[in-house]
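J.: My questions all concern the structure below.
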Amino acid sequence: MGEDLAKQISNRFEMHYTPVHASWLNQTEIAIGIYLRQCLGDGHVGDIANLKKKTAAWNKRANKRGQIIRCRFTKTEACRSMGHAH
């Protein structure tokens, strides 16, 4: 891959650096882990249609149980902690 092509590809992405110790990040990782274990299980999905079907069914069950993750880390606090103007 040439340098020009690599630069062209990398320009398509915008990096967002987040603190690794942030409570909201931990909560997000926990939520993704729950989704992976409860919805995808063994990881065999097959195709996008099946993934959508499994996800919709899991989401319906999760909403019925009322599972909530309360994130108290606001966008303003995130910008301040990372030194960005809001």
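J.: Listed residues Gln8, Gln38, Gln27; which is modelled with pLDDT of 80 or more and either under 18 Å from the mean Cα position of the chain (by Cα) or in a loop (DSSP other than H, G, I, E, B) (or both)? It would help to see each step written out before you state the result.
T.: Working: Gln8 fails: either under 18 Å from the mean Cα position of the chain (by Cα) or in a loop (DSSP other than H, G, I, E, B) (or both); Gln27 fails: modelled with pLDDT of 80 or more.
Just one listed residue meets the conditions, Gln38.
J.: Does any residue in the stretch 61-86 that is closer than 30 Å to Arg37 by Cβ come within less than 7 Å, Cβ to Cβ, of a residue that is of a type in the set (Phe, Trp, Tyr) and modelled with pLDDT under 80 six or more places away or on a different chain, and which pairs are these?
T.: These pairs meet every condition: Cys71/Trp24; Phe73/Trp24.
J.: Within the stretch 49-69, work out how many residues are under 26 Å from His16 (Cβ atoms), modelled with pLDDT of 85 or more and hydrophobic (A, V, I, L, M, F, W, C).
T.: Of the residues in that region, 1 qualify.
J.: Right, here's the next one. Can you give me the number of residues within the stretch 41-61 that are within 16 Å of Ala31 (Cβ to Cβ) and outside any helix (DSSP H, G or I)?
T.: Summing the residues that are within 16 Å of Ala31 (Cβ to Cβ) and outside any helix (DSSP H, G or I) in the stretch 41-61 gives 0.
J.: Next up: Inspect all residues belonging to the stretch 70-84 and state whether any of them is assigned to a loop (DSSP other than H, G, I, E, B), at pLDDT 80 or above and at positive phi. Write out each step before concluding.
T.: Of all residues in the stretch 70-84, those assigned to a loop (DSSP other than H, G, I, E, B) come to 70-74, 83-84.
Those still in the list that are at pLDDT 80 or above too: none.
No, the conditions are met nowhere in the stretch 70-84.
The values are calculated or read from the model by the stated rules, or taken from the named source; none is laboratory data. Worth saying up front: this structure is predicted, and the values here are computed from it rather than measured. Cβ sites come from the backbone with ideal geometry, for glycine too, and all protein chains shown count toward neighbours.
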